[in-house]
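> My structure is below; once you've seen it, I'll send some questions.
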């Protein structure tokens, strides 16, 4: 998000789902789309099978989308910036860039050019860095750049690195010099991993912005909210999740209020998380279930499920859609807003929302992108923000005639290795992710027994690595990193490169995040889940 | 050039190969050698000689003496008696009663004129008969539009069964702009009792190729396929060889005769499903999908194989093309009737003296075909019925023996010419059994795509089974007609629409046979 | 353009099919294989009509409208033909409406009702297919299959999982998974697209079998709680039991066009799980005890106030959620910023 905001001035998926069929070429990198976003995967597969789109897949695992790809290559995890710089070098060398777009819509082209034309990003060198054959890199560059319209789709495989922001800006660089922004079917398209991540960001669930990405450090924005809310507001950027846990561990953070999250399983370096949670003076967890995190709480509050309330979710293509109440909540469980209002008023405030609709009205007033996305207008098909007024039809794709920040900003980005590389002690690269059947920390999916029978814990390892260690398929093995160790059954497969292992992070009995590296991207504050050094050993 | 005193044609086709034709040919050459006759007697391989059920067949010129069911042990005797001493081995010749009246008039043949006379595996022999002249003429002297016009003028109609005017079909595709057009020969010949296309391909493969080349040029197709059923192994072998030879002679490939025209012909082997004779199902199958018909429109002529304009024509249809180009449309109109010009190749089977092929003018009566070319009903039995047009045909009774056989005329009797199969039944035949086997055939061949065909054929089969086993009721006959009529109205393709005619003609014309089973 | 169906003048748009124009105008034509998401297949042949000046009975699902076209859907000829077709489908297989999951929601039943077919009139001798219940979430009863092919198109052209196909021919035609594997051992990912498209009771939700009749369920449209695609769902809810019985995709949704994945369609047990929290809990001596809202809220408000006053607002932090609504997230950040006075708000967008 931070990366795209820097390049364009806005950090959401630039294009829409319907645009998939308008792309001549689609590149999927760092997204197991078939597992994590199956219905968008279906749309892409349709486009491929209908002969509308050619697909390029770059992923260390041979994901299902590779079966539909014209070109599939596996990169060494953490080498993405080098790959993008190389693609851009090939494109510029051959004059395949969109010169008009660069001239009219972008700035700092020379800075970019100076970086990517360096010898270290030549296909031959990047073959050494990434493991992708030089000829394939050239082939990808040509197919991608020569397409009338090309789109990039990515997910956490791009962002969850210490260089996550660099990776994201690299995707933006490539799309900008190819002129693939501001038109149907193109774009930089980060696929959001949870039903309402987009909405949580849009609504100001971030330490640096109010709802609508209005910065807390911006005097005018602050005044606007102070006036509307009739209060004084802090102008100091707050803590991110990982910072919060660090501060809790250090002892300076005394209380934590957690609504519907499970950092115990979702955050990196589980031992550290546990120690932090134990240290917090007062922990409140508001959830549907007694989650692993809730076990540490001082007070646990019963919240309702999506089917038990009204409101809106905003999806990955910025489409605000209605959720509708279908069931009564169990016992005394309450909607989150109602609980928050109760606490606020108990603390002496004067809140008086009657229902979600009242809140929606306030959102419309204070969030420019949501100005026209009223309760009444959302209807059955939803509306895509920005939609500033009551008569605005919504926006299918961003940056049509100008970027949010005016000109699109190119950045020369230097390739930096991941924080932790394999060594003699930990010779393998561990990367994490999702499987089709389970979701996030499993709080919801694992309550359906059929789902668990379909997908249990596992560690994916290459046939070569399995053979050299004498590991059989389904054999439970030990996986260790500098942070800790877990056990999981081995899934021996040719779908993963030699030297790389992959563990889905859904399972509390084999928690991948006991192993992961909490090193953060310095700006985006995202942990490096996709690369750390690991070792596997047989048990017995 | 060498002159021989005698020429022996040995028919090489599927049936003769199974009967040991190659071994017999080898022995024949060996015996001739031993008798020092190799300079006097010339042995030539030919395609089928046009007879059926006659094993290995030799035809000796002069005199057109025909030996049938020849075995290895007969060879020394034939060489000794006939070739050396000039005495026919009468115990082996086709019985005079059979050949009496048999018309070996090759001049009235267009499609089979070379079959049985030339060696189909040698392109030189085809060229010797004037072969590939038409191709050269077409490519160098004619515009594609002129060819389409000539074929239109000739009145040639599709010989696959439907009788659609060939020139008209081409005229839909010829003017279309497309980066690729295809021409497909339907050599799937799945109609029961029909093997005319097989014998055309076995006996004169170059004729089909030449016709195909001209057709491709006429419609602008640069890639052609011959879709042929896998059982036709000899055809496949001979066509492959013929295509290879044509390439060697510069008749196929890039920039043929420096005309700038490119053409490739490829053989696609089918799995022998009846429905793949339907052109859209054939195309699906060719594309590697399940052989099932497509919705029309779009017609294949506009969107066919791989969504490109595609003309599909039957083997026999295209085998007429070289002659039409060589001799002109007017010459072709000299054959057949006003509405249906040219000749038709029939397969005569069943209770006749001489089952086999014949090529006769359109409009020849059923009686003539059965009596003159089929040698009449076998064993002095009386004629009862003929199933004309294949399994999807009509049981014609005695009273219609003098019907002139062509597309238009038969329609007046609610009958069809179809593939030209004629299955003759004598008075001992039981129409319940006959109809049972026809229905069983359709039940077996339904592709399963549409409800009326998939389910209806099964239902009809179950009803006729009941009738056949004596458990039927008279109402069942009406029910069969009602169901097959609904199938005719609602089925996706011709396969499901087919049973109405055989059922109705059997039930109407031979009702007694059915009632007998109901006592 | 205008066309006439059964004497009624109907406004139609170019490219539209006769079936579409008719259905849109409230004129029912029996159809089994056509579905808006799988397109016209002209396979079931139940939708035949008569068109003036056109021989035979064309199928209306793939018949484009033409200006001034005169169509009849209810003549004896048309109905007789339709009746045979639908009767054939109804008579073959085992369509036991009484116990069928699809009863009241079955397109074969609708067609039979329209045509006045009281009971199947043809007798077929046939062996039964074994039930395939090997999949976790999908139940396949081939005896109820009418080979309409919607599931095959859905699997291959909509979700493009390319698992389902037809095998065999003619009367023996059947749907198969991969090379005729059991569904549970095939490469099927159980997205349930086939279930949603099946017009009869041949492919159904396994866990919803025998649980509720279709007409007893309320249908509520909402959005999937899992990934960020935002697929629209229909919750089929038993109000009396306060329970989700099954989930389908919203057919005309711009995000998913009816498609869902295995999670969205089948992983809903958590909503009605007995592990759900039902009362506030307060930890005392390392153990949770139940509390009422009043007590819990008071405790939280006190503690937050105390910590804020003693250590400053930034000693508190809050995690919003990527799983709750916009309204709730908005209120949460407002609470942290306005009531607590800190910008220490984040959620797991990055995780």
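> Can residue C:22 be described as outside any loop (DSSP other than H, G, I, E, B) and crowded, with 23+ Cβ neighbours inside 10 Å?
Here the answer is yes, as residue C:22 does meet what is asked.
> Oh, and also: Residue by residue through the stretch A:523-532, note down the ones that are at pLDDT 85 or above and more than 9 Å from chain C (Cβ to nearest Cβ).
Selection gives A:528, A:530, A:531, A:532.
> If we keep just the residues of the stretch A:235-248 that are surrounded by fewer than 18 Cβ atoms within 10 Å (Cβ to Cβ) and in a helix (DSSP H, G or I), which is farthest from the other protein chains (Cβ to nearest Cβ)?
A:246
> Right, something else. Consider the stretch A:110-122. How many of its residues are surrounded by 19 or more Cβ atoms within 10 Å (Cβ to Cβ) and over 19 Å from residue A:417 (Cβ atoms)?
Residues in the stretch A:110-122 being surrounded by 19 or more Cβ atoms within 10 Å (Cβ to Cβ) and over 19 Å from residue A:417 (Cβ atoms): 1 in total.
> Determine the pairs where a residue that is within 20 Å of residue B:13 (Cβ to Cβ), located within the stretch B:119-131, has a partner that is at pLDDT below 90 and surrounded by fewer than 16 Cβ atoms within 10 Å (Cβ to Cβ) with Cβ atoms under 9 Å apart, the partner being 6 or more residues away or on another chain.
From the stretch B:119-131, no pairs qualify.
> Here's a follow-up. Go over the candidates A:292, A:317, A:232 one by one and state the one that is surrounded by fewer than 23 Cβ atoms within 10 Å (Cβ to Cβ), at pLDDT below 95 and farther than 21 Å from residue C:269 by Cβ.
Of the residues listed, the single one that is surrounded by fewer than 23 Cβ atoms within 10 Å (Cβ to Cβ), at pLDDT below 95 and farther than 21 Å from residue C:269 by Cβ is A:232.
> Something else about it: Need a quick list: strands (runs of 3 or more DSSP E) entirely within the stretch A:251-369 having at least 1 residues that are in contact with a strand residue (DSSP E or B) (Cβ under 9 Å, 6 or more places away or on another chain) and more than 8 Å from chain C (Cβ to nearest Cβ).
Those strands (runs of 3 or more DSSP E) span A:282-287.
> Taking helices (runs of 4 or more DSSP H) that do not extend beyond the stretch B:436-519, which have at least 1 residues that are within 14 Å of chain C (Cβ to nearest Cβ) and within 27 Å of the chain's Cα centre (by Cα)?
Where helices (runs of 4 or more DSSP H) fall fully within the stretch B:436-519 and carry at least 1 residues being within 14 Å of chain C (Cβ to nearest Cβ) and within 27 Å of the chain's Cα centre (by Cα), they are B:451-468, B:474-490, B:494-497, B:500-509.
> Please go through the stretch A:1-18 and give me each residue that is modelled with pLDDT of 90 or more and either more than 25 Å from residue A:400 (Cβ to Cβ) or surrounded by fewer than 23 Cβ atoms within 10 Å (Cβ to Cβ) (or both), ordered by number.
The answer is A:18, and nothing else.
> Select from the stretch C:229-244 the residues that are closer than 15 Å to residue C:265 by Cα and more than 14 Å from the chain's Cα centre (by Cα) and write down the one among them that is farthest from the other protein chains (Cβ to nearest Cβ).
So, considering only residues that are closer than 15 Å to residue C:265 by Cα and more than 14 Å from the chain's Cα centre (by Cα), the one farthest from the other protein chains (Cβ to nearest Cβ) is C:243.
> Something else: Restricted to the stretch C:167-181, and to residues that are within 13 Å of another protein chain (Cβ to nearest Cβ) and assigned to a loop (DSSP other than H, G, I, E, B), which residue is nearest to the chain's Cα centre (by Cα)?
C:173
> Next up: Kindly list the number of the only condition in (1) more than 9 Å from every other protein chain (Cβ to nearest Cβ); (2) free of Cβ contacts under 8 Å to residues at least 12 places away in the same chain; (3) under 20 Å from the mean Cα position of the chain (by Cα) that fails for residue A:29.
(2)
> Can you tell me which condition residue A:207 does not meet? The list is (1) touching a residue at least 60 places away in the same chain (Cβ under 8 Å); (2) touching a strand residue (DSSP E or B) at 6+ places or on another chain (Cβ under 7 Å); (3) over 26 Å from residue A:35 (Cα atoms), and all the others hold.
(1)
> Of all residues being surrounded by fewer than 23 Cβ atoms within 10 Å (Cβ to Cβ) and outside any loop (DSSP other than H, G, I, E, B) in the stretch C:245-277, which is nearest to the other protein chains (Cβ to nearest Cβ)? Just the residue, please.
Checking each candidate, the answer is C:245.
For (1) in contact with a helix residue (DSSP H, G or I) (Cβ under 8 Å, 6 or more places away or on another chain); (2) in contact (Cβ under 8 Å) with a residue 24 or more places away in the chain; (3) part of a loop (DSSP other than H, G, I, E, B); (4) not assigned by TED's automatic domain parsing to the domain that holds residue C:204, each residue gets a yes or a no:
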position: C:14; (1), (2), (3), (4): no, yes, yes, yes
position: C:32; (1), (2), (3), (4): yes, yes, yes, yes
position: C:37; (1), (2), (3), (4): yes, yes, yes, yes
position: C:43; (1), (2), (3), (4): yes, yes, yes, yes
position: C:81; (1), (2), (3), (4): yes, yes, no, yes
position: C:85; (1), (2), (3), (4): yes, yes, no, yes
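> Related question: Tell me the residue from B:506, B:494 that is out of contact with any helix residue (DSSP H, G or I) (no Cβ under 7 Å at 6 or more places or on another chain), at negative phi and in contact (Cβ under 8 Å) with a residue 24 or more places away in the chain, please.
On inspection, the qualifying residue turns out to be B:494.
> Follow-up. Report, by residue number, each residue of the stretch C:127-154 that is buried (at least 23 other Cβ atoms within 10 Å of the Cβ), part of a helix (DSSP H, G or I) and either at pLDDT below 95 or within 14 Å of chain A (Cβ to nearest Cβ) (or both).
If the condition is that a residue be buried (at least 23 other Cβ atoms within 10 Å of the Cβ), part of a helix (DSSP H, G or I) and either at pLDDT below 95 or within 14 Å of chain A (Cβ to nearest Cβ) (or both), then C:154 is the only one that fits.
> Residue B:315: crowded, with 24+ Cβ neighbours inside 10 Å and under 27 Å from residue B:113 (Cα atoms), yes or no?
The answer is yes for residue B:315.
> One residue is enough: does the stretch C:204-216 have a residue meeting the conditions closer than 29 Å to residue C:156 by Cα, free of Cβ contacts under 8 Å to residues at least 60 places away in the same chain and more than 7 Å from chain A (Cβ to nearest Cβ)?
No, the conditions are met nowhere in the stretch C:204-216.
> A further question follows. Every residue in the stretch A:38-62 that is assigned to a loop (DSSP other than H, G, I, E, B) and either within 9 Å of chain C (Cβ to nearest Cβ) or surrounded by fewer than 24 Cβ atoms within 10 Å (Cβ to Cβ) (or both), please.
Scanning the stretch A:38-62 gives A:50, A:51, A:52, A:62.
> Residues that are over 28 Å from residue C:40 (Cβ atoms), surrounded by 21 or more Cβ atoms within 10 Å (Cβ to Cβ), facing chain A (nearest Cβ under 8 Å) and more than 11 Å from the chain's Cα centre (by Cα): does the stretch C:182-202 have at least one?
No, the stretch C:182-202 contains no residue that is over 28 Å from residue C:40 (Cβ atoms), surrounded by 21 or more Cβ atoms within 10 Å (Cβ to Cβ), facing chain A (nearest Cβ under 8 Å) and more than 11 Å from the chain's Cα centre (by Cα).
> Something else about it: Considering the stretch C:322-336 alone, what residues qualify as being touching a strand residue (DSSP E or B) at 6+ places or on another chain (Cβ under 7 Å) and either at the interface with chain A (Cβ under 7 Å from one of its Cβ atoms) or at pLDDT below 95 (or both)?
Within the stretch C:322-336, C:324, C:325, C:326, C:327, C:328, C:332, C:333 meet the criteria.
> Among the helices (runs of 4 or more DSSP H) contained in the stretch B:159-221, which hold 1 or more residues that are surrounded by fewer than 24 Cβ atoms within 10 Å (Cβ to Cβ), touching a helix residue (DSSP H, G or I) at 6+ places or on another chain (Cβ under 9 Å) and at pLDDT 95 or above?
B:166-173, B:205-219
> Out of (1) over 26 Å from the mean Cα position of the chain (by Cα); (2) without any contact (Cβ under 8 Å) to a residue 12 or more places away in the chain, what's the single condition that is false for residue A:377?
(2)
The values are calculated or read from the model by the stated rules, or taken from the named source; none is laboratory data. The structure displayed is predicted, hence computed values, not measured ones. Here Cβ is always computed from backbone atoms with ideal geometry, including for glycine, and neighbour counts include all displayed protein chains.
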